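Participant: Quick one: structure below, then a few questions.
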Amino acid sequence: MMRILSLALALVLFSCATVEQAEQSVEISLSGEMLFSGANTFQTPMELSEAELLEKANLPESQIKSIGVKSVEIQLDSTQRAIMESVLLQVVSDNQEMISIGTKSPLPDGTNFELSLAEEIDLLPYASDAGATWVLDANLTEDYMDLMSVNAKVNLVINYIEK
């Protein structure tokens, strides 16, 4: 019995030691037009791929196990901030259900702020899906008839195994 327990413990320790982490930032610009008072949607294609992330993180011979989110910073201009009450960042794809990344309600003072993140986010299935889209739901206090773009910086944590 002791031998089996020792072997199991060794396997657990060995498997945990092989997973490494790297951080990578992604800048996105979500847009929407003909926006009305109330709930509105901004979106942009997710343009993340495993190969691109490995290259940017200088990990060409690695296998990505998961892609987490460390933080998301939303960057508004003063006009956007004046009419925006709350935001919710999500991601959806052709083959995956929509998941929430983070939210902020009510918005703090200032034009830049970080979202409160959802727990256990893994973007790997979305990065592998060509139809993935970032979606930002925002509650506005008044109509805005022109195109509006909201910028965000998404700080990712790439969990990988070196080959």
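Participant: Does at least one position in the stretch 56-72 carry a residue that is without any contact (Cβ under 8 Å) to a residue 12 or more places away in the chain, farther than 14 Å from residue 128 by Cα and in contact with a helix residue (DSSP H, G or I) (Cβ under 7 Å, 6 or more places away or on another chain)?
Facilitator: yes
Participant: Step by step: first the residues of the stretch 52-93, then only those that are closer than 27 Å to residue 147 by Cα and β-branched (Val, Ile, Thr), then the one that is surrounded by the fewest Cβ atoms within 10 Å (Cβ to Cβ). Which residue is that?
Facilitator: Filtering first and then ranking leaves 79.
Participant: Go through the stretch 47-80 and count every residue that is assigned to a loop (DSSP other than H, G, I, E, B) and modelled with pLDDT under 95. Reasoning before the result, please.
Facilitator: From the stretch 47-80, those assigned to a loop (DSSP other than H, G, I, E, B) are 47-49, 57-61, 76-77; that's our starting set.
If we keep only those that are modelled with pLDDT under 95 too, we end up with 47-49, 57-61.
Of the residues in that region, 8 qualify.
Participant: Please work out if residue 96 is surrounded by fewer than 17 Cβ atoms within 10 Å (Cβ to Cβ), in contact with a Phe, Trp or Tyr (Cβ under 7 Å, 6 or more places away or on another chain) and under 16 Å from residue 159 (Cβ atoms).
Facilitator: No: the conditions fail for residue 96.
Participant: Among the residues of the stretch 43-79 satisfying the criterion of being small (Gly, Ala, Ser) and within 14 Å of the chain's Cα centre (by Cα), which is nearest to residue 160 (Cα to Cα)? Don't jump to the end; show me each part of the working.
Facilitator: Taking the stretch 43-79 as the starting set, the residues that turn out to be small (Gly, Ala, Ser) are 49, 51, 57, 62, 66, 68, 71, 78.
Restricting the remaining residues to those that are within 14 Å of the chain's Cα centre (by Cα) gives 49, 66, 68, 71.
Numbers: 49: 14, 66: 7, 68: 11, 71: 19 Å.
Here the residue is 66.
Participant: Within the stretch 101-160, count every residue that is of a type in the set (A, V, I, L, M), within 15 Å of residue 33 (Cα to Cα) and not in a strand (DSSP E or B).
Facilitator: Counting residues in the stretch 101-160 that are of a type in the set (A, V, I, L, M), within 15 Å of residue 33 (Cα to Cα) and not in a strand (DSSP E or B) gives 2.
The values are calculated or read from the model by the stated rules, or taken from the named source; none is laboratory data. Predicted, not measured: the structure shown is a model, and the values here were computed from it. No Cβ is skipped: glycine too gets one built from the backbone with ideal geometry, and neighbour counts run over all protein chains shown.
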